[in-house]
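Structure first, then comments.
The values are calculated or read from the model by the stated rules, or taken from the named source; none is laboratory data. From a predicted model like this one, the values you see are computed outputs, not experimental measurements. Note that we place each Cβ from the backbone using ideal geometry, even for glycine, and neighbour counts take in every protein chain shown.
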Amino acid sequence: MVDIVIIGSGPAGYISALKAAKMDKKVVLIEKDLLGGTCLNRGCIPTKSLLHTTKEYYDLFKLANIGINVDKISINNEILDSTKNNSVDKLRKGIEFLLKNANVEVIYGEGKIIHNNLVKVNDQTIETKYILVATGSKPRLLNIKGIEKDIVYTSDDLLKEFKDFDRIVIVGGGVIGVEFATIYSNLKKEVVLIEALDSLLSNMDREISSNLMMQLRKSKVKVMLKSNIDEILDDGIIVNGEKIEADAILMAVGRDSYIDNLFEDELLIKDGKSLLVDNNFKTNIDNIYAVGDCINDIQLAHYASACGIYVVENLFNGDSSINLDNIPSCVYTNMEIAEVGINEKKAKEKGLNYKIGKFSMLSNSKSVVTNSDRGFIKVVVDENDYIIGASMMCDRASDLISIFTNIINSKQKLNDIKNTVYPHPSYSEGILEALEDVDKRALHIIYR
């Protein structure tokens with residue numbers, strides 16, 4: 001008997017396996033496809049590679065503004081795709097090495113749970129104390145006329161093999177949609193972005209949504225809000241009764257949990273579109289737990305990893321030190337976007353008594369010398385002067401947001417952190433200015 005069988009080797013699965021192995025537990029990790037799961041192979045990593053490369057290309061056109069003339073700029077799509085694949089392969093080999101070094105047994109095949117302590121894979125049945133399901137998710141497709149046509153793609157399709165479309169319509173103004181809109185607009189392609197709601201990234205701060213709209217429109221992306229799809233054609237799409245010609249339609253309307261054929265019918269697992277779990281990620285069946293995109297929760301790789309560690313520590317140590325209260329979220333457009341805690345929109349909806357501090361990065365020295373686009377850092381402070389949230393849209397936002405995550409988790413007040421000295425010039429100086437603006441004392445803001 002092994003200590004734990006983990007089904008799925010994405011950020012939730014392989015991290016959980018490593019954690020359990022480092023606690024001297026006997027671990028079996030089952031994977032039906034490639035180590036690393038969606039995030040590494042068809043999600044976070046290949047997307048960020050394409051975003052990085054295409055932004056380098058996009059930035060070349062701005063060099064003339066600082067006195068550097070570059071003629072005959074072009075891009076090699078084969079190398080663009082191979083660069084992405086090389087990054088993915090390198091990281092996958094790293095995971096393989098870590099698992100081997102930790103003595104985690106990796107079995108390739110489709111795992112099926114036949115009992116609360118039995119898992120079948122290939123022709124082998126494994127007896128285990130615990131089972132952790134981390135099977136991830138798959139792209140969601142809308143039930144609309146023409147969805148089966150060859151012109152329709154998902155993010156999985158385009159990240160497996162990047163395709164150089166001259167005209168692309170992207171359906172969905174969430175994270176996947178705006179990141180792909182950024183990739184194709186960086187390549188100077190014709191991009192239409194369609195969103196049914198009245199804003200992009202609708203769960204984020206409204207200033208992020210409006211700033212992102214400006215950034216995308218500056219890159220000549222046509223953004224259509226409050227729009228409905230009537231039909232997909234062989235050569236385009238009909239939106240609000242109007243035909244838009246396109247070479248490809250990218251469906252970017254989210255992802256659904258992947259739990260197909262996972263359980264024997266006799267196991268009365270409670271599920272719907274996702275597995276249902278309690279606060280400790282336990283299903284309704286003893287010894288079976290689930291984390292990551294296969295449950296109805298936040299779909300973020302780092303959250304999935306943290307939940308996996310939380311489960312393993314609870315099972316084998318009796319408790320966990322992981323804090324799951326404030327999970328940062330990031331979006332990687334040309335200017336990075338990040339949030340943690342309660343943003344202003346949510347504070348208003350909750351009826352909280354709050355104050356706001358905000359600093360425009362147009363006045364930040366590092367942003368000026370690096371020719372960065374317009375951005376900002378915003379903090380939300382409650383009536384007792386505790387920092388409860390932060391939103392930012394600026395270069396390195398995905399790195400800076402961890403500062404606020406630590407501040408919020410450690411329950412620090414405004415005056416506790418305003419005495420911190422930040423390096424100059426740096427993007428992080430904007431944090432201090434935003435904090436000082438709560439009481440209208442920022443030194444680089446003119447108050448009238």
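Quick rundown of the values:
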| read-out | value |
| --- | --- |
| Among residues of region 150-168, those that are at pLDDT 95 or above, of a type outside the set (A, V, I, L, M), in a loop (DSSP other than H, G, I, E, B) and surrounded by 14 or more Cβ atoms within 10 Å (Cβ to Cβ), counted | 1 |
| Residues of region 270-315 that turn out to be among the hydrophobic types (A, V, I, L, M, F, W, C) and in contact (Cβ under 8 Å) with a residue 40 or more places away in the chain, as a count | 13 |
| Restricting region 361-404 to residues that are surrounded by 19 or more Cβ atoms within 10 Å (Cβ to Cβ) and of a type in the set (Ser, Thr, Tyr), the residue that is farthest from ILE68 (Cα to Cα) | SER391 |
| Hits in region 243-288 - residues which are over 24 Å from the mean Cα position of the chain (by Cα), outside any loop (DSSP other than H, G, I, E, B) and within 25 Å of SER155 (Cα to Cα) | LYS243, ILE244, GLU245 |
| Condition check for GLU344: among the acidic types (Asp, Glu), farther than 30 Å from TYR184 by Cα, crowded, with 19+ Cβ neighbours inside 10 Å and outside the structural domain of GLY173 (by TED's automatic domain parsing) | yes |
| ASN116 being of a type in the set (S, T, N, Q), surrounded by 11 or more Cβ atoms within 10 Å (Cβ to Cβ) and under 30 Å from LYS282 (Cβ atoms) | yes |
| Tally of residues being within 28 Å of the chain's Cα centre (by Cα), in a helix (DSSP H, G or I) and not basic (Lys, Arg) across region 349-367 | 4 |
| Residue that is touching a residue at least 24 places away in the same chain (Cβ under 8 Å) and farther than 30 Å from LYS25 by Cβ, where the choices are GLU161, GLU105, GLU110 | GLU161 |
| Residue under evaluation PHE61, criteria (1) closer than 17 Å to ASP164 by Cα; (2) out of contact with any Leu (no Cβ under 9 Å at 6 or more places or on another chain); (3) surrounded by 11 or more Cβ atoms within 10 Å (Cβ to Cβ), criterion not met | (1) |
| Per-region count, region 202-224, residues in contact with a strand residue (DSSP E or B) (Cβ under 9 Å, 6 or more places away or on another chain) and over 26 Å from LYS163 (Cα atoms) | 6 |
| Region 393-448, residues that are of a type in the set (D, E, K, R) and either over 14 Å from VAL381 (Cα atoms) or outside any loop (DSSP other than H, G, I, E, B) (or both) | ASP395, ARG396, ASP399, LYS413, ASP416, GLU429, GLU433, GLU436, ASP437, ARG441, ARG448 |
